[in-house]
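Worksheet: the structure to be examined is printed underneath.
The values are calculated or read from the model by the stated rules, or taken from the named source; none is laboratory data. Remember, it's a predicted structure, so these values are computed and weren't measured experimentally. Virtual Cβ from ideal backbone geometry, glycine too; neighbours counted across all protein chains shown. Ligands, DNA and RNA are excluded from the accessible area calculation, which covers all protein heavy atoms including side chains. Shrake-Rupley method; radii C 1.70, N 1.55, O 1.52, S 1.80 Å.
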Amino acid sequence: MTLSVLTQLWRRCLHYLRRERFDRELEEEMRLHLEMKAEEYEAAGMTADEARRAARRGFGNQTRLRELSREAWGFVMMETLLQDVRFGVRVLARHKGFTAVAVLTLALGIGANTAIFSVVNAVLLRPLPYKDPERLVMLWENDTQEGNDRNPVAPANFVDWQKQTGTCDALAFYNQPAGVNVTGGGSEPERVVGAGVSPNIFSVLGVQPARGRTFSDSEAAAHEVIISHGFWQRRFGGDPEVVGRQMTLDAEILDVVGVMPPEFQLPEETELWWANMDGSLATMRVRHFLRVVGRLKPGVPVEQARADFDTIARRLAEQYPETNTGYGVNVITLRDQFVGGVRPALLLLLGAVGFVLLIACANVANLMLARSAARQKEMAVRAALGAGRLRLVRQLLTESLLLAAAGGAAGLLFAYWGSDLLTALGASGLPRGARVGVDGRVLAFTFMMTLLTGLAFGFVPAWAGAKAGVHGILKEDGRGATGRRAGRRLLVVTEIACALMLLIGAGLLIKSFVRLQAVEPGFDPSGVVTMQFSLPDARYSEPPQVAAFYARLVEHARTVPGVRAAGAVSRLPLAGDRSTMGLTVEGRPAVSGQYEEVHFRAVTPDYFRALGVPLRAGRELGERDGAEAPPVVLVNETTARKYWPGADPVGRRVKLGPGAQGPWVTVVGVVGDVRNFGLESEAKPEVYVPHRQSPQSRMRLVLRTDGDPLSLVPAVRSAVRSLDAELPFSQVATMEELLARSVAQRRLSTLLLGVFAGTALLLAAIGIYGVMAYSVTQRTREIGIRMALGARRGDVVRMVLRQGMALALAGVACGLGGGLVAARLMRGLLYGVSAVDPLTFVGMAGVLTCVALLACYVPARRATKIDPLVALRAE
């Protein structure tokens, strides 16, 4: 009996697609069956209570029956879903043009979002490869005189910070990254960027080597080096026995004691780390060159750490007024140190592609609304056969999700291609940008974006398509309802508004980039090639040796065919190098609590001619300015204006270095300002000293050539080997390349936002064209009657244009308001352009209006070709 009841329930279940109705029928079947069994048992002589209990036992476990019914319901729902999917696939396959346009539009929006999100994911979202990275901070000195809030730290200040902090568990440091000459290991000599670090830096960061160990706790750490995974693979071929091998850094033999994991990196790009065991650092307060990393105590917020270090800074300023006045402490999270500078630009791009996707969804929603209007009779027949509104909505939503799934799959292919394109365009140059790619998080983002997109553009058309009843459809006689027309118009207005916001943002960035490109860097970059050299202290321990080597190097470089001028400088413009020095000006009284500093560069004769820096007054440095000659110096125009306003600085005297203990140095000339730290940064006070009077072991050779500057590199390499066969050089680049790198992030942001704005403009034009073309099709009979009654073609064109331009102007008005808000948010990304630049706003609105006018004119022109007789006969 129980088996027959279950079979009957199963068959009944297949007919009821709504769960509530199914549950009611199930309860009724169970009640009737129990009553029948109870009557049978009562007829056999049982009491009523005994009969009911026996009926329940005979019927079986009601809980199990309910479970079987739920399984049956799930099976029915799955079968129904599969039917909807199969029918949706057939519908989309029958309308190939509609499907292709919708899928391509969605693929464009989803693919662009996925590609940009892959960059955002790699740069902003991936956790830093350290233990508890949210507790790690970077500490800088805030130089209030220079306006630099990320000034390197003086070593003695670092020691005091360690002793006095109450908010950090530990502090560690690393020196300014520098190139070192690496020999040994069975490979050719090469130049590698490394940094001296405090022995505890890896424990502060919470990272252990993948192979080997960290530095020893003894003096032996001074002879140890830890290498990166990439360097281990490149130079040692991934040798598993690398730990314990020796390598030579700047002629000093060190033992390899560890290999770091592949993802490990300091906030600045380095490949080698050696222990800085210089005990004299504890008393050095004048030179600032340490980068400090701290680990906060558990539960300590960054704001509390800032207050703690502000107190320490004030205390040190009172103890050491000569060196610490004007210096505060800037505490930032390590994540902000890595990516803080690029976060606004990436969020701007992410918002821009979001608008592109919104416009794409609006376009597809318009297509779906048009399709739902064309399928009104089909929906009416379904409703007449018993399909409820929710059933119709589900069928139409299934088709929308199928379109979204196809668009998402195609968009994912676009994203793979787009990620490679972004890397080629310079995304790999972003912090942590080398890891840009499609991973699990990006795939999850694409899936969610696809699902939300399908619901976003599908729900309103599905609800509208299932809304009207059979009588309403017959009354409309196949024409679109007023509500649907209003919905399509609202979508067009939204598209135009979003497109104008993107156009305004792109216009501001483009104008800003053009202004930046027009800035004079202070030198002539054409035909100039540079390369870096660093002399090992073990073989070039005396200043005269260093000076003699670079003098010979420059002389050999001048003899290379094609070289017009050759020179060398200790800090090359736009290379990220900086070095400051104290300055005392004769006759200028020192201001209490202020410490004068200027940027310092050592140069060889002919450097300014090689780089193309103009001489403004006096003379250049020459061969006569040797070690035995009276000390001299050149200053730039900013220094001259600051310290000798309205006077000629030539012949004046200054002292370089801390205090006033050094010799007086005579100013012999003034050179033009150079924007050494980027085109956006104003020139700083700088002094140039003869290299022979202040030898520097690390220099950049600068060559001005007649032809292709890179073609001379092999000849320069031969000249270097004739001087020192074991000396490598690195960072070979033209000045044009360095200039391009200095604006690479801004160029990438401007290019991408311009592309997205152009795409949005195209989609908006397609959207308004589609609405107007559909409107003309729907009004064929009306236009035919108008023309039959004497309306001229110009009247028809004006009518259609009036309707379309009303939508366009409404969208432009909304877009101008949104553009004002967006422009203010992106103010920090602009250079030399106001966030409310009227020319940009008016120009972009004009461009969009013209495009909208063209998109409206094509359907209007087609409307004039309607034959009144044909239109009326069709009715």
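Things to note:
- As a rough guide to protection, the peptides 503-511, 761-769 ranked by mean Cβ packing within 10 Å, highest first, stand as 503-511, 761-769.
- Shape call, region 504-590: gyration tensor on alpha carbons, a/c limit 1.5: oblate
- Inter-label distance, nm, simple model (7 Å from Cα along the C-beta direction), Ala715/Arg245: 3.7
- Kirkwood hydrodynamic radius of region 178-241, Cα pairs, Å: 13.3
- Region 141-266, relative contact order in percent, only Cα pairs under 8 angstrom and at least six apart counted: 22
- Within region 261-342, the ratio Rg/Rh, alpha carbon atoms throughout and Rh by Kirkwood, equals 1.00.
- Order of exposure, largest accessible area first, which applies to Glu241, Glu596, Glu378 with probe 1.4 Å: Glu241, Glu378, Glu596
- From the alpha carbon centroid of region 545-562 to that of region 339-360 is 50 Å.
- Cross-link table Lys96/Lys377; Lys96/Lys865; Lys511/Lys684; Lys163/Lys655, entries beyond 30 Å C-alpha to C-alpha: Lys163/Lys655
- Loop chymotrypsin sites (Phe, Trp or Tyr not before Pro), region 637-730 (other Cβ atoms within 10 Å of the site Cβ: 14 or fewer; DSSP): Trp664
- Across every direction, the projection of the convex hull enclosing the Cα atoms of region 674-744 has a mean area of 6.7 nm².
- Rounded to the nearest 0.05, the FRET efficiency derived from the C-beta distance between Glu782 and Leu413 at R0 = 51 Å is 0.70.
- Whether region 219-363 is rounded, prolate or oblate, judged on the alpha carbon gyration tensor where a/c under 1.5 counts as rounded: oblate
- Fully extending the segment from Arg824 to Ala791 would add 7.0 nm, taking 0.36 nm per residue of separation and subtracting the current Cα-Cα distance.
- For region 741-875, relative contact order (Cα pairs under 8 Å, six or more residues apart, normalised by length) works out to 46 percent.
- Hydrodynamic radius of region 728-875 per Kirkwood, over alpha carbon pairs, in Å: 18.9
- Cβ-Cβ distance of Ser218 and His95, R₀ of 51 Å, FRET efficiency by 1/(1 + (r/R0)^6): the value works out to about 0.05.
- Per-residue ³J(HN,Hα) for region 608-621, Karplus 6.51 cos²θ - 1.76 cosθ + 1.60, θ = phi - 60°, Hz, x for Gly and Pro: 5, 5, 5, 8, x, 8, x, 8, 8, 7, x, 10, 7, 7
- Region 671-701 and region 116-147: distance between their alpha carbon centers, rounded to Å: 29
- Using only Cα coordinates, the Kirkwood hydrodynamic radius of region 696-789 works out to 19.9 Å.
- Calculated FRET efficiency for the pair Ser730/Gln164, C-beta based, R₀ 41 Å, to 0.05: 0.55
- Placing a pseudo-label 7 Å from each Cα along the Cα-to-Cβ vector at Arg862 and Glu322 gives an inter-label distance of 8.5 nm.
- In region 78-208, Cα pairs under 8 Å separated by at least six residues give a relative contact order of 17 percent.
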